[in-house]
Structure formats: structure tokens, C-alpha cells
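Each remark here refers to the structure printed beneath this line.
The values are calculated or read from the model by the stated rules, or taken from the named source; none is laboratory data. None of the values given here were measured: they were computed from a predicted structure. For neighbour counting, all protein chains shown are included, and Cβ atoms are generated from backbone atoms with ideal geometry for every residue, glycine included.
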Amino acid sequence: MSLNPIWVFLEIGQTRTFAVVPHWPGWCRSGGSEDAALRALLEYAPRYAQALTGSGLEFPDALSLIDLQVEGKVVGNATTDFGAPAMPLPPDDLLVSEDELAYMQVLLAASWAAFDRAAQAAEGKSMRTGPRGGGRDLAKMVAHVGEAELAYLSKLGGKMPLDSRDDQTRRRVMLETLAASVQGGIPAVGPRGGGRWTPRFFVRRTAWHTLDHAWEIEDRIE
């Protein structure tokens, strides 16, 4: 057993399992089984570390399967099987300290920077498509990430100003809304009675989606 284990939670669907590391939002990979998900998580550790370049965050290196400790399992749903982590985890309900808030904001900024680097590297280059010609082009992928983040922002209880929809404004509003949620400025239940996302779930879902598409762009550049 590792002296400094990394806590992992498994979200288990019918056909797909996600391995999720709550302490490192965005480090989350899937596979057809629990073992495959854990191995995929480990395989992507160097890429996750690279994504944190310039953030000042120190990610552990030289990891092996023995360093991953499964702390819990939750049952997934159709979204899990479709290919996105969807289920809340026990740590998601924990209160967030001011230090943790700052950490989350730095990590989100790092994931956005990684996505921007990937998108800039792909500009003017061909991108491989699937065997049947599927796959978004770069412009559509960038737009998709932005549209998804607007939906995530709404789930947290925030909204964009009507006069601005650019990336920098959206990201600024997301960070401000995250802080407001952590500090109790946003009710946990929306005006129509629906539960809002917790700050921890918001951060890990946003970071996962951003990095997942950053890595997709990198892998599809010809």
C-alpha cells in the first residue's frame, strides 16, 4: 500500500466506469471496467500534470496503480454510459474553505489555459475524423465547450450578462459565481425548487469537460 494514497471514487454505469479523483478536479478517465478506468486514469496522469504547467500546483509524479486507493463507488446513469461523469460523490457535499476556493480557481484557470493552448496549436491544421467522418471541427469544438460552460454556470446558479458572451467574460463570471456559491451567496435550491450543483461538483465537471476536449484536440491534430 502506498504511504500517500490518492483517493479515487468509481462511478459505475452499465457499460462504462469513470475513475474520479476529487482532490484533482479534471483528472477523471473512463473504461469498460473498474480496472480499465483505473488504468486509464494512471495513463493520463502525465497529461494532467502537463495541463497544470504554470499554475504553481505540484502534481505527484512516478505514480503506479498501488498509489490509487478506491474510497467509494456510486452507481452511474445513462449519462455515465454516454461518456460523461454525472453522479455526485460524497466529498462533493463537503464545505469549501477559502484556501480550497483559491485552489479550485487556480485549477480551473489551468484547465482553460490547457484548452486554449491545444486550440491554438490546432489552428490551420487538419484534424482526424472518426471512421465514418464524425467528430466536430475545431471551431465547433470550441463553441461546444463554451455552450456547455454556460449550462454549467446555470446549474451553479449564475448567469452571463446579456451584453457579453466572450470566453474571458464567461470564465470570469464562472469564477465569481463559484466564489459566491462557496461563500453562501447563492441558495442551494433554485427558484423552481431544483437543486443546484455544489461547488465541488461544478469544478470537477467543468475541469473534466475542458481537459477532455483539450486532449481530444491534441490527439486529432494531423
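On inspection, residue 159 fails the criterion of being in a helix (DSSP H, G or I) and modelled with pLDDT under 95. The single condition among (1) exposed (fewer than 13 other Cβ atoms within 10 Å of the Cβ); (2) of a type outside the set (A, V, I, L, M, F, W, C); (3) under 24 Å from residue 110 (Cβ atoms) that residue 169 does not meet is (1). In summary, residue 148 fulfils each of the numbered conditions (1) without any contact (Cβ under 8 Å) to a residue 24 or more places away in the chain; (2) in a helix (DSSP H, G or I); (3) touching a helix residue (DSSP H, G or I) at 6+ places or on another chain (Cβ under 8 Å) with the single exception of condition (1).
Please indicate, with yes or no, whether at least one residue in the stretch 120-137 is at positive phi and loosely packed, with under 11 Cβ neighbours inside 10 Å. Spell out how you get there, then give the answer.
Step one: of the stretch 120-137, the residues at positive phi are 124, 133, 135.
Still in the running and loosely packed, with under 11 Cβ neighbours inside 10 Å: 124, 133.
Among the residues of the stretch 120-137, at least one is at positive phi and loosely packed, with under 11 Cβ neighbours inside 10 Å, which makes the answer yes.
Considering only the stretch 88-103, how many residues are surrounded by 14 or more Cβ atoms within 10 Å (Cβ to Cβ), assigned to a helix (DSSP H, G or I) and not hydrophobic (A, V, I, L, M, F, W, C)? So that I can check it myself, show each step before the final result.
Applying the first criterion (surrounded by 14 or more Cβ atoms within 10 Å (Cβ to Cβ)) to the stretch 88-103 yields 88-89, 91-92, 96, 100-101, 103.
Now narrow it down to the ones that are assigned to a helix (DSSP H, G or I): 91-92, 100-101, 103.
Checking which are not hydrophobic (A, V, I, L, M, F, W, C) leaves us with 91-92, 100, 103.
Total satisfying the criteria: 4.
Inside the stretch 163-177, residues that are acidic (Asp, Glu) and assigned to a loop (DSSP other than H, G, I, E, B) make up a count of 2. Of everything listed in (1) in the same structural domain as residue 152 (by TED's automatic domain parsing); (2) on the phi > 0 side of the Ramachandran plot; (3) not hydrophobic (A, V, I, L, M, F, W, C), the single unmet condition for residue 105 is (2).
When residue 176 is tested against (1) surrounded by fewer than 12 Cβ atoms within 10 Å (Cβ to Cβ); (2) at negative phi, exactly one condition is not met: (1).
To keep it simple, each residue is scored yes or no on (1) in contact with a Pro (Cβ under 8 Å, 6 or more places away or on another chain); (2) touching a residue at least 60 places away in the same chain (Cβ under 8 Å); (3) part of a loop (DSSP other than H, G, I, E, B); (4) closer than 24 Å to residue 146 by Cα.
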{"position": "23", "(1), (2), (3), (4)": "no, no, yes, no"}
{"position": "71", "(1), (2), (3), (4)": "no, yes, no, no"}
{"position": "86", "(1), (2), (3), (4)": "no, yes, yes, yes"}
{"position": "105", "(1), (2), (3), (4)": "no, yes, no, yes"}
